[in-house]
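Right, one structure below, let's go through it.
The values are calculated or read from the model by the stated rules, or taken from the named source; none is laboratory data. Please read all numbers here as calculations on a predicted model, not as lab measurements. Neighbour counts run over all protein chains shown; Cβ positions are idealised from the backbone, glycine included.
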Protein chains: 2
Amino acid sequence: MKKLINDPADVVPESVEGFVQAHADIVTSSGDPESLFVARAGGAVSGKVGLVSGGGSGHEPLHAGYVGVGMLDAAVPGAVFTSPTPDPILAATQAADGGAGVLHIVKNYTGDVLNFETAAELADAEDIAVKAVVVNDDVAVEDSLYTAGRRGVGGTVMVEKIAGAAAERGDDLDTVLAIATHVNDNVRSMGVALTACTVPHAGKPSFDLPEDEIEIGIGIHGEPGRRRIKAAPADEITDMLLDPVIDDLGLSSGEQVLLFVNGMGGTPSSELYIVYRHARARLEALGATVARSLVGNYITSLEMQGASITVLRLDDETTRLWDAPVHTAALRWGV
Amino acid sequence: MKKLINDPADVVPESVEGFVQAHADIVTSSGDPESLFVARAGGAVSGKVGLVSGGGSGHEPLHAGYVGVGMLDAAVPGAVFTSPTPDPILAATQAADGGAGVLHIVKNYTGDVLNFETAAELADAEDIAVKAVVVNDDVAVEDSLYTAGRRGVGGTVMVEKIAGAAAERGDDLDTVLAIATHVNDNVRSMGVALTACTVPHAGKPSFDLPEDEIEIGIGIHGEPGRRRIKAAPADEITDMLLDPVIDDLGLSSGEQVLLFVNGMGGTPSSELYIVYRHARARLEALGATVARSLVGNYITSLEMQGASITVLRLDDETTRLWDAPVHTAALRWGV
């Protein structure tokens, strides 16, 4: 294992420390290694619904990279690929509470769902109203390692951005929840791994992938996908990811979509644009309009090589909220 | 070799096509595969000094990712790790010319320097005033594969941003050149490779790096660095990169700097922030103030794992120009 790390036990706290220093105009951290979270530099916004997300580390910039104006109020990084415990989630919920309640945005992994639920109960006991949206956009498999039902992947970025914009303009908790749910209902994703990644404290790759094989439908923790195949041209791989996404979304001619091609962490952006090019052509051939695009490393699996394709069905409201100003470390426009 | 590509010969045109589609609000392309360049969607800005850069592909988002308001007017992507020929550089220079002359920003590699010089002579014959800044910020080695003198690496991003802001506010060609030169004089970089990368048409890694070794002072094309060492903790590696940068820059207490930690393409951002954290502590211990920061994949070597550290000495003028609005695919703020 060759990584730019010190002690594997220090990867998350040291990385978060550097992150908060580099983006001190946007974020701050709890500073407590026993209850670590990242929050907006200015603190909770009075009267605004607070948005909190979190989960295992190793998917950066998700989630701390999305803390800031127009998106999250706080993010809770667990150990690498390990859910944070209820305590820091509760602390982040308290920090994000501006008196209008808090929305938890939870990727559908068993540990995350349980720990966010426990934290919500604890917050409720303190009279903080908490609701949750569980993101489950990965069409690759039903049930998987760590998951009952579908996994939450790239759609999480869409939910955080769009619900974040709704909260920022002053929508109440029920409305923000409804918008987040609407986004989750209209987004689908699927990914491919070319290589495995290595969790620092494990010291060896999470799974074995022969030199000439790739895994279609991979999860963001290296959980098994649909099948392994021989390496193939990018356009063929793109079809294998996009077809199930289009089918499951029930996409039809005349619709507007956001096309999001995401890198798993170790793939050059030039390859992501090759995938984007073919996916876009396929969507256009179907009669859909690619009205918005996002291409880059936004929800990763450490240094894994691979990519995922996410398609979000847009309407006027979600488009407007997507376009709204955002100022975070990883997404920024309009400010 | 496992990559998300189709025919290796199509990597650059297909990637550029996807890039231009995804960012059609910012950029357009020449559309001519024989004379490929990327330019601002709106065309040349009348009366503004035009900025053109380019070089071998494989370093994305450099340079096409920096085309847009406040930075470059055009970028010329060669084949992977191969200088573009004079013809597309000339075509890009013509496209960028708004009547106030054009600045070529050239990384110091023999092929790039020669081909940009030839293009400048051809442009001169068409009465376009062209000046050039040759960026040579890599302190690792004097002379290398492809280079006489020092190589141009991360400092290029600083030169493009700051000179771009000067051109955008209306500075004339001599002033923009002077500012670009001033930035180059005050920026130094050094990098490390944990793994090699594979050029698509070669199909195998550019060099061999044993499983337990890293290369200190690597070039962005995998050119040899200073030495190979056994894998070491991130803080030690950071010291090995930062010490020569600080020494060569002659940095002293009380100075303000921009600290730029760059990923080589295959390294997770969490590791870059671990490097940033220690580099920042070292600079602060020296009495310098890290007034601005940039952390991420900004000048890469395909899927190479590794990082580079760039330090730019700031003054009021360069800080103001760094902070000026920029709207490109890879850097965006203030708009």
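Selection of the range A:296-324 for residues being under 14 Å from the mean Cα position of the chain (by Cα), part of a strand (DSSP E or B) and closer than 27 Å to residue A:199 by Cβ yields A:296, A:307, A:308, A:309, A:310. In the range A:131-148, the residues that are among the aromatic types (Phe, Trp, Tyr) reach residues that are at pLDDT 90 or above and assigned to a loop (DSSP other than H, G, I, E, B) with C-beta atoms within less than 7 angstrom, at least six apart or across chains, in these pairs: A:146/A:109; A:146/A:221.
The single condition from (1) within 12 Å of chain B (Cβ to nearest Cβ); (2) touching a residue at least 40 places away in the same chain (Cβ under 8 Å); (3) among the aliphatic types (A, V, I, L, M) that residue A:179 fails is (1).
Being more than 20 Å from the chain's Cα centre (by Cα), more than 8 Å from chain A (Cβ to nearest Cβ) and not hydroxyl-bearing (Ser, Thr, Tyr) is the filter here, so list the residues in the range B:14-47 that pass it. Matches in the range B:14-47: B:24, B:25, B:31, B:32, B:33, B:34, B:41, B:42, B:43, B:44, B:45, B:47.
Entry remark, the range A:68-122: residues being under 24 Å from residue A:41 (Cβ atoms) and without any contact (Cβ under 8 Å) to a residue 24 or more places away in the chain number 0 in total. Considering only the range B:48-72, how many residues are within 12 Å of chain A (Cβ to nearest Cβ) and hydrophobic (A, V, I, L, M, F, W, C)? Here the count works out to 2. Number of residues in the range B:106-136 that are under 20 Å from residue B:82 (Cα atoms) and either of a type outside the set (A, V, I, L, M, F, W, C) or in contact with a His (Cβ under 8 Å, 6 or more places away or on another chain) (or both): the value is 15.
The C-beta contact set for the range A:297-311 (first residue under 17 Å from residue A:188 (Cβ atoms), second residue among the aromatic types (Phe, Trp, Tyr) and crowded, with 24+ Cβ neighbours inside 10 Å, distance under 6 angstrom, 6+ apart or interchain) comprises A:310/A:260.
Checking each residue in the range A:3-30 for being assigned to a helix (DSSP H, G or I) and either among the aliphatic types (A, V, I, L, M) or modelled with pLDDT under 95 (or both) picks out A:9, A:11, A:12, A:16, A:20, A:22. Scanning the range B:31-54 for residues that are over 29 Å from residue B:196 (Cβ atoms) and part of a helix (DSSP H, G or I) gives B:34, B:35. The set of residues in the range B:299-308 that are within 21 Å of residue B:22 (Cβ to Cβ) and either at the interface with another protein chain (Cβ under 9 Å from one of its Cβ atoms) or surrounded by fewer than 22 Cβ atoms within 10 Å (Cβ to Cβ) (or both) comprises B:300, B:302, B:303.
Within the range B:116-125, the only residue that satisfies the criterion of being touching a helix residue (DSSP H, G or I) at 6+ places or on another chain (Cβ under 7 Å) and either assigned to a loop (DSSP other than H, G, I, E, B) or of a type in the set (Ser, Thr, Tyr) (or both) is B:118.
Of the residues making up the range B:252-286, just one is at positive phi and more than 13 Å from chain A (Cβ to nearest Cβ), namely B:254. Scanning the range A:211-223 for residues that are facing chain B (nearest Cβ under 10 Å) and in contact (Cβ under 8 Å) with a residue 12 or more places away in the chain yields A:212, A:213, A:214. Among the candidates B:76, B:106, B:135, single out the residue that is among the β-branched types (Val, Ile, Thr), touching an Asp or Glu at 6+ places or on another chain (Cβ under 7 Å) and within 30 Å of residue B:305 (Cβ to Cβ). B:106 is the lone residue from the list that is among the β-branched types (Val, Ile, Thr), touching an Asp or Glu at 6+ places or on another chain (Cβ under 7 Å) and within 30 Å of residue B:305 (Cβ to Cβ).
Please tell me if residue B:289 is away from chain A (no Cβ under 11 Å), touching a residue at least 12 places away in the same chain (Cβ under 8 Å) and either surrounded by 24 or more Cβ atoms within 10 Å (Cβ to Cβ) or touching a Lys or Arg at 6+ places or on another chain (Cβ under 6 Å) (or both). No, not satisfied.
Hey, any hits in the range A:229-251 for a residue that's more than 14 Å from chain B (Cβ to nearest Cβ), within 20 Å of residue A:161 (Cβ to Cβ) and of a type outside the set (Asp, Glu)? The answer is yes; a qualifying residue exists. Screening the candidates B:223, B:215 for the property of being more than 20 Å from the chain's Cα centre (by Cα) and either under 21 Å from residue B:294 (Cβ atoms) or assigned by TED's automatic domain parsing to the domain that holds residue B:290 (or both) yields one hit, B:215. Comparison of B:41, B:74, B:64, B:22 shows that the only residue that is crowded, with 24+ Cβ neighbours inside 10 Å and within 22 Å of residue B:170 (Cβ to Cβ) is B:74.
Of the residues that make up the range B:309-321, is at least one within 9 Å of another protein chain (Cβ to nearest Cβ) and crowded, with 19+ Cβ neighbours inside 10 Å?
The answer is no, given that none of the residues of the range B:309-321 is within 9 Å of another protein chain (Cβ to nearest Cβ) and crowded, with 19+ Cβ neighbours inside 10 Å.
When restricted to residues that are surrounded by 22 or more Cβ atoms within 10 Å (Cβ to Cβ) and either part of a strand (DSSP E or B) or charged (D, E, K, R) (or both), the range B:81-115 contains 8. Which of the numbered conditions does residue B:171 fail, given that it passes all the others? Conditions: (1) at pLDDT 95 or above; (2) within 14 Å of chain A (Cβ to nearest Cβ). Of everything listed in (1) at pLDDT 95 or above; (2) within 14 Å of chain A (Cβ to nearest Cβ), residue B:171 misses just condition (2). Scanning the range A:55-67 for residues that are assigned to a loop (DSSP other than H, G, I, E, B), in contact with a strand residue (DSSP E or B) (Cβ under 6 Å, 6 or more places away or on another chain) and on the phi < 0 side of the Ramachandran plot turns up just one, A:63.
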